[in-house]
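Down below is the structure, laid out as structure tokens.
None of the figures in this text is laboratory data; all of them are computed from the coordinates on show. All of these numbers come straight from a predicted model, not from anything done at the bench. Note that we place each Cβ from the backbone using ideal geometry, even for glycine, and neighbour counts take in every protein chain shown.
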Amino acid sequence: MEKRQTRHTVFVIETVGRLGNQIILFANLIALSMATGITVAHPTLGVYANYFAGTVGDLLCRYPQSSRRRSRPNVVAWVAIRKLCRLLDKSGVLAILAPGRTFESDYHSLVDMTNASFIAKVRGGRFTFLTKGWQFQYSHVRKEEFMLQLRSYFRLAEPYASNVESIVAMARVGCDVLIGVHIRQTDFKAHADGRYYFVTNEYERLMRHCERLFRPARVAFLVVSDEKHGPTDFPSLNCFFGSGVDVEDMYCLGNCDYIIGSIGSSFSLWPAVLFQKPTYRITHSEARPSLSEFVVSSKPWIEESST
């Protein structure tokens, strides 16, 4: 790891999707920072910043953590910063003030931040701006050290941590295996022509298959979703349900023994990688996985280093 270069900072200035996408982008920037000493900031993380120990109180959401933090900035301040970032980008001011110092990605290809030309450009000036997209990848890290940093930085703040602990503890009573199930439906009806959209009955059939798969163990399911679900959706299955608070639902998944979620969603991907839990990523409505298809992975947002 290089000595920290405090005069270079990479800023994210566009809101890049919802919670999962934004955390995954930030995780890659943390990898960049750990390896190169470059400071990174994600001010458009916005209201999500109050969720995590590393960002709560920091209007710019910096890594390494800044000593200039408030107890808990109000949402209005973060909204104002996000609007300012958007204005800087859309007005063309950045192109004038920082020519050649803006980068963007799309939803189809990765920007490799380990590339020597990318690092050289970042070190060529005081500030660098990521103006579009979330698929910026930095994969050259020592995995164990990196995971420790992520778990510390993205540790849940209160009251979210206690709420997750209570929900998971209740779900574990009387079961041997707890499977977290993420049902994402609202925006997936249209996204990618509905390729990743599955109706509730399809999730139910998959869950029944998994219940049989783990017999004779007693299986319970902790279901989280962007739509309202209840026990009547999963008759005779031992089901519990998340609080509906996005970060609590996400971290409930990470505290289960296994995770099931659509391959098109980063919401279940983040807790699977952060907590290194065996996960099945659903690719089609008739999916019936074997136990070996629940895998622990650090991809696609980070790859294991050979060092």
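Taking other C-beta atoms within 10 Å as the exposure proxy, Lys143, Lys83 rank Lys83, Lys143 from fewest upward.
Take the Cα of His284, step 7 Å toward its Cβ, do the same at Glu145, and the gap between the two points is 4.3 nm. Here the label points at Val245 and Glu165, each 7 Å from Cα along the C-beta direction, are separated by 1.3 nm in the simple model. Full extension of the segment from Glu202 to Asp112, taken as 0.36 nm per residue of separation minus the current Cα-Cα distance, would add 28.7 nm. As a proxy for reagent exposure, Phe198, Phe136 were ordered by neighbouring Cβ count within 10 angstrom, fewest first; the result is Phe198, Phe136. If you sort the three axes of the alpha carbon gyration tensor as a ≥ b ≥ c, you get a/c under 1.5 for the range 157-307, which makes it rounded.
Each label point was placed 7 Å from the Cα along the Cα-to-Cβ direction; for Ser152 and Lys132 their separation is 3.7 nm. Footprinting exposure proxy ranking of Cys85, Cys256, fewest other C-beta atoms within 10 angstrom first, gives Cys85, Cys256. Angle of helix 160-172 to the longest C-alpha principal axis of the chain, folded into 0 to 90 degrees and rounded to 10: 20°.
In degrees between 0 and 90, to the nearest 10, how far off the longest principal axis of the chain does helix 75-90 point, with axes built from Cα atoms? Once rounded, the angle reads 60 degrees. Mean residue ellipticity at 222 nm, helices only, the chain: -10000 deg cm²/dmol; runs of at least 4 DSSP H residues each add -39,500 (n - 2.57), and the sum is divided by the number of residues. The trypsin sites (Lys or Arg not before Pro) found in the range 23-70 that occupy coil by DSSP, while having at most 13 further C-beta atoms within 10 Å, are Arg68, Arg70.
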